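To start, the structure itself, in structure tokens.
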Amino acid sequence: MARVAVCAFVLSIISSSLPVCGGVAQAQQAQQRAPTTGGPVGNLPDREALNSGTVTVITAPIGGPMSVMGSDMAAVLDEGENLRVLPILGKGSAQNLVDIIMLKNIDMGFVATDALEYVKTEYNIPDIAQRVRYVAQLFHNDVHIVARREIRSLQDLNGKRVFAERSIGLPAAQTIFRRLGIRADIDSQTDPTGGLQKLIDGQGDAWIASVSKDAPIIKGIRNDGGRLHLLDIPYDRALQDIYLPSSFSSEEYPNLVPPGPKVDTVAAPTVLMVYNWPEQSERYRRTARFVNALFDKIQVLQSPPRHPKWRDTVLSAPVQGLIRFKAAQEWIDGASRVQSPGQDGTPAEFRKFLDDRKAQARMSPNEAAKLYSDFLKWQRTKEPR
């Protein structure tokens, strides 16, 4: 019995010590795995210098110009530890704008300007224009409405089922429909590819996307028998404070536009938008360094092999309703570019430009679109280099 008692006592000591030993071993292993929070790490660059020289740009899903242009910036503007651009794939203009305002690690991003009205209304943010700044107007997103053959005008969409996914179509759909008094049944939950397929399968009446021309998803539509077409969007006065005139041709979309007259549409400027950082903050200084590099190297970005949409960028063109990021405005002012009054490329100025000429000649939307295109080309020849 005594031997049994001794053995039991010894076993109790051993068993009670096991968790302690195990805990010590686990603590030692955790300590070995713990990342170093201060001081140099081998031959890696200095942590603070690396972070202070890095900016993030939120783009859009792969397949459009935004993701490629983000990659272009990462390649062309790279200056090692002094400046590094990290492109991030986003969901589209509306979510990009929300992310710029709310996410801590997002410095700037690509945003089509009609997303401002959508986010302002959807999230009840009356001062949204004070929360962000724009760096430059980059290119335009054209509003595409692919509709059944029976739908001949926007008014025909009253009461009809329309697919307009939040990332690429809903801001344009809500803005245009609300301003033109159209009440459609909008499905914003189905993803863009799924919505387009449902339209093709006869489960809806139209599909809307605000994307750049020659969009692969639209060019790839098999339109056997001409069941679908691109719907006209008139350059109505109710839209002219946000949109500019544009058009589609059969050369651009032979599957949806028959040879002959072009299809009228509208386009929203896409801008590089940044959070309204306080001027004395590190994030402001970091973003200002990026802006100077972007503007200094814009000619490189506008040359092959970079995305051709860079050639639509007009650095000096202001954006109506928004304030330019101060460092960007200072760069433009420093370039000593003299610009004639009324030639700044905003929707309001261009509308006045058109009104002045319509008093002398009635221009069709196609003629207005061509005139605006020529106007932008002229502006680009005047850009500071």
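Only the coordinates and a few stated rules stand behind these numbers; no lab work does. Nothing here was measured: the structure is a model prediction, and the numbers come from that model. Cβ placement follows ideal geometry from the backbone for every residue including glycine, while neighbour counts extend to all protein chains displayed.
Tabulated data for the structure shown
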quantity: Amide H contacts under 5 Å for R324, placed H, 5+ residues apart; calculated: Y134
quantity: Equivalent ellipsoid, the range 246-311 (semi-axes from 5 times Cα gyration tensor eigenvalues, Å); calculated: 38, 16, 7
quantity: Quarter of the Cα convex hull surface for the range 118-157, i.e. its orientation-mean projected area (nm²); calculated: 4.9
quantity: Residue-wise HN-Hα coupling along the range 85-101, computed from phi with Karplus coefficients 6.51, -1.76, 1.60 (Hz; x: Gly, Pro); calculated: 9, 10, x, 10, 6, x, 9, x, 4, 4, 5, 4, 5, 4, 5, 4, 6
quantity: Compactness of the range 112-224 as Cα Rg over 2.2 N^0.38 Å, two decimals; calculated: 1.12
quantity: Nonlocal amide H pairs with A60, under 5 Å, H built at 1.01 Å; calculated: S67, G90
quantity: Equivalent ellipsoid semi-axes, the range 167-265, via Cα gyration tensor eigenvalues times 5, rooted, Å; calculated: 21, 19, 12
quantity: Under the Debye formula (equal points on every Cα, no solvent term), log10 I(q)/I(0) of the range 49-149 at q = 0.17, 0.20, 0.22 Å⁻¹; calculated: -0.83, -1.07, -1.21
quantity: Additional length obtainable on full extension of the chain from E81 to R311, 0.36 nm per residue less Cα span; calculated: 80.0 nm
quantity: Mean Cα-pair separation over length for the range 135-264, i.e. relative contact order, pairs under 8 Å, 6 or more apart, %; calculated: 32
quantity: Highest average packing first - 129-138, 238-247, Cβ atoms within 10 Å; calculated: 238-247, 129-138
quantity: Cα-based convex hull, the range 70-120, per residue volume (Å³, whole number); calculated: 81
quantity: E165 long-range amide H proximity, modeled H, under 5 Å; calculated: L170, I208
